[in-house]
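For reference, the structure discussed in these notes is given below.
The values are calculated or read from the model by the stated rules, or taken from the named source; none is laboratory data. What you are looking at is a predicted structure, and each value in this text was computed from that prediction instead of being measured. Note: ideal-geometry Cβ built from the backbone for every residue, glycine included; neighbour counts use all protein chains shown. What goes into the accessible areas is simple: the full protein's heavy atoms, side chains included, and nothing from ligands, DNA or RNA. Shrake-Rupley method; radii C 1.70, N 1.55, O 1.52, S 1.80 Å.
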Amino acid sequence: MVRARRLLTTLLLAGALPALAQPAPAVPASAPATVDQAAALARKIEQLRRPPAGKPGAVRSLELSEGELAAYLNTTLRAQVRELQDMSVRLERDRLTGSALVDFDQLRGKLPPLGPFNPLALLSGRVPSEFSGRLQSADGFATFELESLQLGPIDVPLALVEQAVAAGTKNAERPEGVDIHAPFRLPYQVRRVRLLPGRAVVEY
């Protein structure tokens, strides 16, 4: 779940960055990832890491596009999420939808044991997946409400997702595991993330 939360945070950043002028046209989720787009997103993330310049308390913003996000996920983060390939994300107002090919044989070793009657136990190899959810954020914290998750032909019950994440993230600091519904702190000095059609605005 540490990788999943890191991936989600990256999705939030890449989807939500400043409406400086006219809204940019949506980039299709299937647009090919490019090294230049990944590098552009990396520079924007680096800007968020640096202490803000100018008047203290002033709100600044950055904008990221779907194309930049897809490029970053499939190049820069590819080595950290080897279970996922051909990742894409589509941004809408306050919502995001993602898809990927999941190497279920690699992922299985990171999941809690699957019983013989669990439909996920039937999956193997590279499985197409899709998810959708709603993002809300304010004052440096965000919540992500997962609305649907599909692995191959299986619509995964949200209760099963909750149980799997909680079971797979238990440790000394979190004996109950991670609650996917709990608010989480946005990285760096980000105050708010606004998802808009085809882009995201990150306020910091």
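Quick notes on this one:
- Ignoring lysines fewer than eight residues from Lys110 along the same chain, the ones with Cα atoms less than 27 angstrom from its Cα are Lys170.
- Net charge contributed by nearby residues that have their C-beta within less than 13 Å of Ser65 (K/R +1, D/E -1): -1
- 3J(HN,Hα) couplings calculated from phi for the stretch 125-142 with the Karplus curve 6.51 cos²θ - 1.76 cosθ + 1.60 (θ = phi - 60°) are, in sequence order, x, 8, 10, x, 9, 9, 9, 9, x, 10, 10, 10, 8, 5, 6, x, 10, 9 Hz; Gly and Pro show x.
- Relative contact order computed over the stretch 112-195 (Cα-Cα under 8 Å; 6+ residues apart), in percent: 30
- Neighbourhood net charge (11 Å Cβ-Cβ; Lys/Arg +1, Asp/Glu -1) for Ser124: 0
- In the stretch 42-108, Cα pairs under 8 Å separated by at least six residues give a relative contact order of 23 percent.
- Averaging Cα coordinates gives a centre for the stretch 55-87 and one for the stretch 34-50; these two points are 8 Å apart.
- Accessible surface, the stretch 157-199, averaged per residue in Å² (probe 1.4 Å): 60
- Percent carbon-and-sulfur accessible area, the stretch 30-83, ignoring ligands, DNA and RNA, probe 1.4 Å: 56
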